[in-house]
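What follows is one structure encoded as structure tokens, with my remarks underneath.
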Amino acid sequence: MAEQNRQPENLSPDVIERVSKFVADIASGKGPPPISFSAAPPTTYRQLEEDMASGRLRRLPVFECSARLGILRLQFIQACERLEIKPEMRPKFEIHATSLNPITIQPRPLVVDLPAFDVRHDSVKEWIARADHAWKRLSRQIAKECVKSIRIAERKDILIRVKRPRSRSSNQAMRMEWAALHYCEKWSYAEIHNSAKHNPKRCGVRQITTAVQRILREVGLPVGSPGRRTLTHSVRP
């Protein structure tokens, strides 16, 4: 993937106002525990592509919302690669990358209430087991607070959820392959339905049709049966 200079995304006044209010609420103590949008060391586009393709991305900040479309398009191209579809049959996409800037929540300082060591009865193993239980209980509390902050940010449209295919056999990955077969190889919905290899879960024709058309709309491709044409894949920031 060629190295290119990233261009900042143009934010709408509504997004700027919403993010500013969210930050102001946090600074005033009215908002949830703070979510930090930090700067990251420079990364290569190969690293960006690998992160987008990893399936580990769960959320993106609103000012990287175009990267969500980039992730879906990258998943579509990966489906084409798995199916060994010729490059000239694949769509030409502009794929916007994520920045990889860390987005973190620093848990509030807490003190672990460790159990007393019973000199008469405790072994090291027994005391550590009780201490671990106390730490895990506190860890669950901290994790719930972090998730609460994330949920609030999602409701305010500060964070955007990312669809994550967990494996090639996952529903999302399988549906991407259906869409690639239909758009690039001109397979009909019935042909996909009848393929034991590409439809191992025996999904119905209507379910396949709905899934394929939704994916094509999401990645910005026309729904239907496009004519054959020479297309190439390009990745841009």
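The values are calculated or read from the model by the stated rules, or taken from the named source; none is laboratory data. Being a predicted model, the structure only gives us computed values, none of them experimental. Positions of Cβ are backbone-derived with ideal geometry, glycine not excepted, and every protein chain shown enters the neighbour counts.
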Legend entry - Pairs, first under 17 Å from Val219 (Cα atoms) in segment 156-179, second of a type in the set (Phe, Trp, Tyr) and modelled with pLDDT of 65 or more, C-beta under 6 Å, six or more apart: Met176/Phe76
Inset, instruction - Examine segment 76-90 for a residue that is over 22 Å from Ala211 (Cβ atoms), acidic (Asp, Glu) and assigned to a helix (DSSP H, G or I), and state whether such a residue exists. - result: yes
Legend entry - Members of segment 88-115 found to be at pLDDT 85 or above and within 25 Å of the chain's Cα centre (by Cα), listed by number: Arg90, Pro91, Lys92
Inset, instruction - Determine, yes or no, whether Ala134 is loosely packed, with under 12 Cβ neighbours inside 10 Å and either among the aromatic types (Phe, Trp, Tyr) or at pLDDT 85 or above (or both). - result: no
Inset, instruction - Check whether at least one residue in segment 91-100 is in contact with a His (Cβ under 7 Å, 6 or more places away or on another chain) and not in a helix (DSSP H, G or I), and report yes or no. - result: yes
Legend entry - Filter pass, Asp118 being in contact with a helix residue (DSSP H, G or I) (Cβ under 8 Å, 6 or more places away or on another chain), part of a loop (DSSP other than H, G, I, E, B), of a type in the set (D, E, K, R) and modelled with pLDDT under 90: no
Inset, instruction - Kindly check whether there is at least one residue in segment 225-237 that is in contact with a Pro (Cβ under 6 Å, 6 or more places away or on another chain), modelled with pLDDT under 85 and surrounded by fewer than 17 Cβ atoms within 10 Å (Cβ to Cβ). - result: yes
